[in-house]
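Visitor: Please find one structure pasted underneath; my questions will follow.
Nothing in this text is a laboratory measurement; each read-out follows from the coordinates by a stated rule. Please read all numbers here as calculations on a predicted model, not as lab measurements. Note: ideal-geometry Cβ built from the backbone for every residue, glycine included; neighbour counts use all protein chains shown.
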Ligand code: 26Q
């Protein structure tokens, strides 16, 4: 309940908006038009708080974190905003009175899909927590014209469709041309000696104008509204005839094109580096604009730039924003006139770096040629950072050239972004305890040995406001009924539920809510996939980006194995199971896309086989994204978290499932380790090799999948079905590449890189345990409730408080209205 919320005024505003924006009365308005009208009305409600929040920050002269990220996977804003202003009931009533269903209106909004997966969604959860906790923060990113592509499934194959998310406008954003900033690319650097000092002047460059759009990030029930600032690009001087005369015609066209292409589209790679020139342009574009703006804002109130770090901290979301470091150095050296040592002091006390992956193919390395051509002055600075860093390595390890080779920022013709980020940050953090340990002891061992004080862990978290309060209203109300609503802003409080876990009536209530949510998802699946699924079956779910290390392939191979068992033994006693997948594959990732086809081919055969009596169903949910994720988590019984141990830095869907009372079926990887620690190993289904074992095999060899293939007839049969046309009669060779990846990779790579065959038996065993466990309804309900009760650690509120305490050192601000 929001005491200040005036229903009558709100209703009036909605009606006026429909009239003024569309020249219609409410009964003539389409749902999309009503959505627009409601969204603008909500913006009216929060605008004063937005202004007041920033006034308060100014007044307090509060230190601010800038969360710099190429991705913010925000999802829809309306429903979340209504929840955070605590006016969901009121808005629902107003819409009821106007003859509209709030859920239908919410469904009109496109997802803001300015991100790929975990890293982008983490940024969005962090913004929610920062605002809710009252910390001064900006998110800084790019206003991509097209976000993450829409996925269509055609004939079982993924087809990518552009995500034209801005086509109906974006009601919550505000364009801020007054903060437009020029960003320069290319050209050359002229050195001029003035008053005995060298000046570095970039000439012959191309530039674009960066124009920010601000989006409100609303704290829960506290009047705080922070800002997500995303930058658009515009041509600098619109084409004029003069340029003809000056012979600059070509350049004018190029500048115009640069502005258009730079923010055109989000790169759809997740955990994979693509060394594309445009990607580096995007990085420098939004970083230069954000850093310039932060410095300008600081200077409006302070005259000693040497104390910049007292008021500003830059958090680098992976290496993608690492040009922050040389860009800040450039501004301090070339524009503010600081000495190198002074500038370095400021930079290294301002920047902190988060690592999200240990996958070597995700490490960013830019060819010197490209980097120096695109960013000539920035490259000079990187060279000097590298020169001094090497000096430092040599003084610490005299004569040890191996160390230089392994740690240099520039080596082998490449600029290594992670090494620069580590060298110039005061903090380096991993995103789950196990991940941080692997960074310290394996991937970044040399850096850890040289500067151990920088390394720290910040286990990821998620916002319960979106993923329980908004996504699962039935369960949210039930929890509040039992223990009050403190959990909304203090998730550990949810532990109070534990005493109800063994109570028969509570178990029944809980399982009934799960059942209602399964009906809701079944309806969605029927509407979108045309497949009937039984809400009484076990909903066994794997939703995340498609990547070999996440092993969706192992999941579907196991489904094939189960199907074989059912065919051999039609009376086999098993609890009906619905295997649900959702995953986008990077457009260029062939094997990932083929895995989607395999899942759909297996689904086709199994779902149409009458002889198995509907005991097995396979569903691939098209276009997995934040908005349908909320429905999926709420309905899940089993959470598949089955990455090869050591490969998943943290995972965050594991936490969202837990929050919604699904049991984890997973490996001891990423944050799964900590989830099991919280809920107890007996309330989860853990299987597979440990990260130590995996790393030992990787270092010493000794794994031969062919042995397993030759000795395990069930596995052999499943693999043969990949190449005998069993699931693809029209094209028996279709899945040959997948078969080869498991058994006989021709290249120098080891076969079965991700140990699918090695872990298969123990995976199947874990599934058997799920089947047995689900039959004991009381045990299952108790375990599910205990998962909810023990998820308190995994709120992003806790994660943010740790960042604040150990890295950012911010103070909370109160906004009175
Ligand atoms: C890099 C260069 C060029 C193009 C694209 C990229 C790129 C883009 C996105 C590289 C990596 C990503 C995304 C990585 C990511 O999402 N990592 C996930 O981060 C989560 C939040 O910390 C973790 O929970 C996941 O374990 C981790 O995989």
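Visitor: If R₀ is 45 angstrom, what is the calculated FRET efficiency for the pair residue 7 and residue 505, using the beta carbon separation as r and rounding to 0.05?
Guide: 0.80
Visitor: In nm², what is the average projected area of the convex hull enclosing the Cα atoms of the stretch 466-794?
Guide: 16.4
Visitor: Separate question: I need 454, 769 ordered by Cβ neighbour count within 10 Å, fewest first.
Guide: Lowest count first: 769, 454.
Visitor: Run lengths n ≥ 4 of DSSP H only: what is the helix-derived mean residue ellipticity at 222 nm for the chain, with -39500 (n - 2.57) per run over all residues, to the nearest 500?
Guide: Mean residue ellipticity, 222 nm, calculated: -14500 deg cm²/dmol.
Visitor: Then there is this: Roughly speaking, what is the stretch gain from residue 731 to residue 765, that is 0.36 nm per residue apart minus the C-alpha to C-alpha distance, in nm to one decimal?
Guide: Full-extension gain reported as 9.0 nm.
Visitor: In nm, give the distance between the simple-model label positions of residue 360 and residue 609, each being 7 Å from the Cα along the Cα-to-Cβ direction.
Guide: Simple spin-label model gives 4.0 nm for this pair.
Visitor: Now, a different point. Report the gain in length on full extension from residue 93 to residue 339: 0.36 nm times residue separation, minus Cα-Cα distance, nm rounded to one decimal.
Guide: Net length gain for the segment: 82.4 nm.
Visitor: Take residue 154 and residue 248, extend 7 Å from each Cα along the Cα→Cβ direction, and tell me the distance between the two endpoints in nm.
Guide: 4.5
Visitor: Pop a pseudo-label 7 angstrom from the Cα along the beta-carbon direction at both residue 174 and residue 306 and give the gap in nm to one decimal.
Guide: 3.7
Visitor: I would also like to ask the following. Dividing the alpha-carbon Rg of the chain by 2.2 N^0.38 Å yields what?
Guide: 0.97
Visitor: Right, here's the next one. What is the distance in Å between the Cα centroid of the stretch 577-639 and that of the stretch 487-512?
Guide: Rounded to whole Å, the Cα centres lie 30 Å apart.
Visitor: Now for a different question. Let me understand the stretch 680-817 better: what is its radius of gyration from the alpha carbons, and its Dmax, in angstrom?
Guide: 22.9, 72
Visitor: Work out the FRET efficiency for residue 194 and residue 261 from their Cβ-Cβ distance, taking R0 = 45 Å, and round it to the nearest 0.05.
Guide: About 0.80, to the nearest 0.05.
Visitor: Just to confirm my numbers, what's the Cα centroid distance between the stretch 120-175 and the stretch 242-312 in Å?
Guide: Spelled out, the Cα-based centre of one part sits 20 Å from the other.
Visitor: For the chain, give me the percentage of DSSP beta bridges that are antiparallel, rounded to the nearest 5 percent.
Guide: If we restrict to bridges inside the chain, about 45 percent are antiparallel.
Visitor: Here's another thing I want to ask about it. Order these by the 10 Å Cβ neighbour count, fewest first: 140, 506.
Guide: 506, 140
Visitor: Another one. What ranking do 231, 779 get, fewest neighbouring Cβ atoms within 10 angstrom at the top?
Guide: 779, 231
Visitor: Using alpha carbon centroids, what distance separates the stretch 647-674 and the stretch 340-387, in Å?
Guide: 33
Visitor: If R₀ is 25 angstrom, what is the calculated FRET efficiency for the pair residue 681 and residue 496, using the beta carbon separation as r and rounding to 0.05?
Guide: 0.65
Visitor: Dimensions of the stretch 525-634 along principal axes (Cα, Å, largest first)?
Guide: 42, 27, 20
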